[in-house]
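Notes follow the structure.
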Amino acid sequence: MTQASAPAFDSGAKQGLPLQVKNKTLLAIMAIVPLAALLAIIDKPLLNGVILSHMITNPRDIAYWTAILTVPHIVASLVTFADGEYLNHHKKRIFKAIIIGILLAFGVPFLTGFVLAVIYDIPLNTFSEYAMQGTLGTLVVMAFYTMYHNLQQQYGISLMMLRQAPTFDYQMWRWFTIIPAGFAYTALMASQAPEIANNWQLIVGIIGGGLFIATVFGLRFVRTILKNPNHTKIGLAFFLANMSLLYVCFGLIVTGYGFMATLVPRLTHDFTAFWVYMVHDQNRNADKIRNPFYFLRKVGVPPALLCPAIAIAISFWLLDTAHNIYLVTLFVTSLNFIHYYMEGYMWKRGEPHRQYVPFV
């Protein structure tokens, strides 16, 4: 059945809203994937390897740029809770999210550092010394949670666009991509650690093996999609684009473009998320101002434009205020965990946020 003849789809949003999240826009964002592949392909023969020579490998630099790229879309998400109705609806979840964020960002490194200090008889005296010694623990949790969050967003949108229920093959595909992606992100963030550097080929082999197994289930799921008379062509294209994202990122890792491999899923996720927030904020504040951040709507500035501007401005202020890279990392990590926890609820069907984001 063609996309035009597929039955009408209810995305769980209110009717008659001024802005929509168009499937074509979401698919267009995935152009980041072939663009990254093209840059890597032409880098050596046409650009004399200038991109490869500027690949960041220092964990401190990676942490810094990750913060720069990550914080704006997280702030955009959190700004939506300045809405009184939302704040009241989610207040218990927000409290839990803050506790979880603090515990994971500050508690995990301390606990990991304490265990390492006992095992290896390392003399540590202060909380910060324990925490810095155990940052790898938080890094691992962060890497896997990030990949779960980023890929789950893309996969969830794929299912919605496909009008396809998840199957066993889909679940296997999902986990056999998320887990290797978590390993890859951890390895890239800690690539200079001796344990990682000395076993790089083995790590890459494990990641590739997981991706190979995932491919088998992914192709089986594609076969199921093609048998579904209600599937949409654009949904299939979006799912295949997300499959290609994984292969392109693996290729970038193998060929030395590791930092670019972290950017591709980061940018596709963040641009998609930003577009959803912009549509939501415009629709939510269309008839009246429900969020005080959007008071400029009174003079004709649309919330859809204010959303990224406010998010970037607040993010710049937050990152500029804290000059200690270690404190910045802990703060951003805590924000990430809070964001991940809240996003697990706020966009579900029936939730207030979802009612203002029509997917068409």
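Any read-out appearing in this document is the output of simple, stated calculations on the displayed coordinates, not a laboratory observation. None of the values given here were measured: they were computed from a predicted structure. Neighbour counts are summed over all protein chains in view; Cβ atoms, including those assigned to glycine, are modelled from backbone coordinates with ideal geometry.
Restricting the trypsin sites (Lys or Arg not before Pro) of the stretch 254-297 to loop positions (DSSP other than H, G, I, E, B) with no more than 11 neighbouring Cβ atoms within 10 Å leaves Lys288.
Report summary: the helix-based calculation at 222 nm, which adds -39500 (n - 2.57) for every DSSP H run with n ≥ 4 and divides by the residues of the chain, gives -24000 deg cm²/dmol.
Computed on the Cα atoms alone, the convex hull of the stretch 273-360 gives a volume of 107 cubic angstrom per residue.
Applying D = kT/(6 pi eta Rh) to the stretch 201-360, where Rh is the Kirkwood radius over alpha-carbon pairs, T corresponds to 4 °C and eta to 1.567 mPa s, the Stokes-Einstein value obtained is 67 µm²/s.
For the stretch 185-262, the orientation-averaged shadow of the C-alpha convex hull comes to 5.6 nm² (one quarter of the hull surface).
When the alpha carbon gyration tensor of the stretch 63-169 is reduced to an equivalent ellipsoid, the three semi-axes, largest first, read 33, 20, 14 Å.
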